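The values are calculated or read from the model by the stated rules, or taken from the named source; none is laboratory data. Since this is a predicted model, take the numbers as computed values, not measurements. In this analysis, Cβ positions are derived from the backbone assuming ideal geometry, glycine residues included, and neighbour counts consider all displayed protein chains.
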Amino acid sequence: MIDFAPLAGCRYTVIGDPITHSRSPEMQNAGFAALGLGRPYGRLRVPVEELPRFVEFARKHLDGVNLTIPHKHHILKELAGISREADLCGSVNTLLIRKGELYGETTDGYGFSEAVREAFGLATEGLRAVFFGAGGAARAVVFFLAEHGAEAIRIVNRTRERAEALAEALHDAYPGVAVETAVPGDRAKVREFLAGADLAVQATSQGLHREDPPPFDLELLAGFQELACFDMIYHRTPFLERASELGHQTSGGAGMLLHQGARSLELWTGKKAPVEIMRQALAAAQQAG
């Protein structure tokens with residue numbers, strides 16, 4: 001049973017399961033405070049079976065929500081409306097609540113593109129990327145990249161059917177983008193994908209815990225030093241550590257979290273997000289552990 005007490009005085013929150021690792025409250029509250037709007041943002045663990053109960057609470061008490069695993073798909077049936085981008089990728093990470101109705105947006109793609117630009121100087125136009133994982137965040141990002149001029153997107157996922165379903169949807173919406181799939185065990189195909197890419201993206205939840213196995217054989221990264229490596233998880237992961245040892249430029253997901261969160265703040269408030277203040281708050285929260 002959800003305990004809503006942690007949201008006392010809050011008008012915004014992030015929900016997920018797990019959620020204790022999230023640094024969104026520190027970052028978002030710094031942004032709200034800089035805009036003179038107090039510190040109205042909380043954090044709440046919501047098991048997927050409790051999502052309808054949370055929605056009823058949100059209708060009455062909240063103005064906005066960020067969503068993480070596992071809610072980006074499950075929330076769709078509760079929404080009164082959805083943006084075109086979110087509809088295409090079938091995933092939302094941001095809710096706007098107006099007069100008790102929930103509206104869905106996705107800011108993951110925007111956050112990702114800004115993070116990659118900052119970390120590696122890579123633009124979306126002409127980008128060739130390999131994604132390990134085909135879940136909600138990956139879906140949002142690949143559709144954003146396709147919309148903004150990516151040249152090729154390769155999807156590696158342990159469930160081939162899920163990768164192929166995403167590839168088919170992406171091809172139908174953007175037939176000009178080269179799309180291919182593979183499973184992690186197909187070493188030759190994965191290596192071929194990496195050889196022809198500018199960017200490798202770890203988009204699974206593997207790495208949230210230190211004991212998690214890698215999403216693929218990380219030795220396949222060897223020999224492609226020009227390949228940038230990005231992990232959507234925002235602490236240091238085995239994927240990033242091995243990629244760095246092999247000579248790759250690397251970046252964790254903190255930049256993506258920063259920019260997708262800043263975009264959410266702008267959607268909620270109609271004001272320009274104080275990105276540098278939010279960046280400093282996020283860095284301090286990460287350092288504090």
Residue in segment 97-116 that is at pLDDT 95 or above, in the same structural domain as residue 159 (by TED's automatic domain parsing), part of a loop (DSSP other than H, G, I, E, B) and among the small types (Gly, Ala, Ser) present: no
Pair list, Cβ under 8 Å, 6 or more apart: segment 43-71 residue modelled with pLDDT of 95 or more, other residue among the basic types (Lys, Arg) and outside any helix (DSSP H, G or I): 61/11; 62/11; 63/11; 64/11
Condition broken by residue 83, with the remaining ones in (1) in contact (Cβ under 8 Å) with a residue 24 or more places away in the chain; (2) surrounded by fewer than 22 Cβ atoms within 10 Å (Cβ to Cβ) satisfied: (1)
Of all residues making up segment 95-108, the number that are within 18 Å of the chain's Cα centre (by Cα) and either within 24 Å of residue 165 (Cα to Cα) or of a type in the set (Lys, Arg) (or both): 5
Residue count for segment 181-217, restricted to those that are part of a loop (DSSP other than H, G, I, E, B) and surrounded by fewer than 21 Cβ atoms within 10 Å (Cβ to Cβ): 16
Search result, residues across segment 1-41 that are of a type in the set (Ser, Thr, Tyr) and assigned to a loop (DSSP other than H, G, I, E, B): 20, 22
Condition check for residue 44: surrounded by fewer than 20 Cβ atoms within 10 Å (Cβ to Cβ), of a type in the set (A, V, I, L, M, F, W, C) and not in a helix (DSSP H, G or I): no
Residue within segment 9-16 that is of a type in the set (Phe, Trp, Tyr) and over 19 Å from the mean Cα position of the chain (by Cα) present: no
